[in-house]
Amino acid sequence: MVRPCRHRLGEKLTAQWMAHLCGLCLALRGDHGQLARIVTNYDGLLVSVLTEAQAERPDAGRRTAGPCPLRGMRTASVAHGEGARLAAAVSLVLASAKVRDHVADGDGMLARRPVALAARRVAASWDRAGARTGSDVGFDTAVLVDAVDRQTGIETLAGPGTPILTVTEPTETATSAAFAHTAVLAGRPRNAVPLAEAGRLFGRLAHLLDAVEDREADAASGAWNPLTATGTPLEEARRLADDAVHGIRLALREVEFTDGGLAHRLLVHELPNSVHRAFGTVSCAHGTGPYAPPGTPGGPLPPEPPRRDRRGLLAGCAVWLGLACTCQLCCGTYDDPWSREQKQGPCANCDCSGCGDCCNCCECCNCCGEDGCCDGCDCGCDC
């Protein structure tokens with residue numbers, strides 16, 4: 001749901017965000033092997049972001065990781081420790097739930113019995129793996145598994161007139177528990193209550209936006225959709241989504257952060273963009289002028305990489321293969337395998353609306369990136 005654009009984040013916050021993304025991926029690999037890395041997701045890393053944002057020494061939870069194809073075979077500072085492992089545990093359990101849901105719906109190849117059987121086994125192994133890692137960091141993933149199990153029963157009983165919030169409740173409960181536990185890991189127990197509220201509303205928002213985005217496809221395939229099943233109009237879904245975004249903003253005001261810049265940016269500024277994207281009320285338009293990204297009309301031309309930094313034919317092919325196998329070539333931002341020029345895949349779906357005019361209204365909350373541009377700041381800070 002949270003897909004931040006590097007042109008809005010700025011260099012500093014983009015580096016932090018990538019550190020958590022890589023940290024989650026490596027935590028999955030380190031505890032559960034290479035296959036587990038496929039459950040790496042943007043929303044899961046929010047748990048790692050929140051943990052580090054509350055830590056007394058945010059930089060203490062970092063380490064230098066070795067070269068990786070997704071980083072153009074470069075080393076990087078990545079998140080490391082209990083926050084990344086909690087994010088891994090949550091990602092595994094929720095990915096398991098997603099697989100079982102697709103099996104139950106008979107989606108695609110999962111309609112075939114041998115494939116469905118194999119998928120169930122993978123899902124069960126992810127449940128066990130998530131429980132082990134969760135236990136290591138003091139988090140009982142049973143609350144997540146229970147929420148997933150209750151979700152099936154609730155959907156079976158739901159029909160026209162059932163409040164949509166009855167359907168979203170299990171997701172709210174699961175994300176609330178995960179957000180609250182970040183306060184425990186960071187040694188900030190007083191943050192647990194407002195973070196639980198922020199997590200509850202984040203879960204509600206995630207469920208609603210997923211339903212909105214899948215509504216037409218579900219109708220075409222005959223799959224179950226919470227909005228259609230309960231007869232909830234899009235106008236009501238939009239109202240609830242906007243209320244959730246506002247509630248998350250209010251809850252985060254009560255949280256004591258050491259360095260909450262990235263958490264604020266993702267949960268206060270990026271969530272409204274997610275709502276606009278789901279309801280089709282925003283389009284990609286990187287602006288022009290000094291804040292336009294390199295290579296866009298009106299923006300500065302990207303610098304030519306120095307000749308000495310270019311890779312040879314075989315080394316470039318090896319990096320290209322790694323990028324292709326991990327979908328970065330089509331769905332992400334990456335360094336060209338040979339020239340090292342930064343590029344973006346055609347399916348990355350960047351929704352950056354451009355910075356517009358520069359202002360300093362949000363410097364107090366450190367949410368606007370290094371250029372000080374607030375991009376329509378609505379964080380509610382009194383500066």
Ranking Arg188, Arg63 by Cβ neighbours within 10 Å, fewest first, what do you get? Arg63, Arg188
Peptide ranges 164-173, 86-95, 146-155 listed from the most packed, as the mean C-beta count within 10 angstrom indicates: 86-95, 164-173, 146-155
How far apart, in nanometres, would the label points at Thr64 and Lys98 be if each is projected 7 angstrom from Cα along the Cα-to-Cβ direction? 3.3
Can you compute 3J(HN,Hα) from phi for each residue in region 133-149, using the Karplus curve 6.51 cos²θ - 1.76 cosθ + 1.60 with θ = phi - 60°, rounded to whole Hz and x for Gly and Pro? 5, x, 4, 4, 10, x, 10, 8, 6, 4, 5, 6, 5, 4, 4, 5, 5
Two-site label geometry, Arg132 and Ser339: point separation in nm, points 7 Å out along Cα→Cβ: 4.5
Using amide H atoms built in the peptide plane, which far-off residues or other-chain residues are under 5 Å from Cys68 H to H? Met73, Arg74
Among 198-206, 107-115, what's the highest-first ranking by average C-beta atoms within 10 angstrom per residue? 198-206, 107-115
Would you kindly state how much longer the chain becomes between Arg120 and Glu235 on full extension, computed as 0.36 nm times their sequence separation minus their alpha carbon distance, in nm to one decimal? 37.7 nm
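Work out, step by step, the length gained on full extension between Met109 and Asp140: first 0.36 nm times the residue separation, then minus their alpha carbon distance; give nm to one decimal.
On the way: separation 31, 0.36 × 31 = 11.16 nm, distance 3.26 nm.
So the chain would gain 7.9 nm between Met109 and Asp140.
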Descending packing, highest mean Cβ count within 10 Å first, for 234-240, 273-279, 50-56 is 50-56, 273-279, 234-240
Need one word for region 85-167: rounded, prolate or oblate. Basis is the Cα gyration tensor (sqrt eigenvalues a ≥ b ≥ c); a/c below 1.5 gives rounded, then a/b vs b/c decides. oblate
HN-Hα couplings for region 60-65 via Karplus (6.51, -1.76, 1.60; θ = phi - 60°), in whole Hz with x for Gly/Pro, come out as 5, x, 10, 8, 8, 9
Could you please rank Cys68, Cys25, Cys317, placing first whichever residue has the fewest other Cβ atoms within 10 Å of its Cβ? Cys317, Cys68, Cys25
Expressed in nm to one decimal, what extension gain is obtained for the pair Arg253 and Gln34 from 0.36 nm per residue of sequence separation less their Cα-Cα distance? 75.0 nm
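Every read-out reported here was derived from the displayed coordinates using simple, explicitly stated rules and does not represent laboratory data. Keep in mind that what you see is a predicted model, and the values were worked out from it rather than measured. Neighbour counts are summed over all protein chains in view; Cβ atoms, including those assigned to glycine, are modelled from backbone coordinates with ideal geometry.
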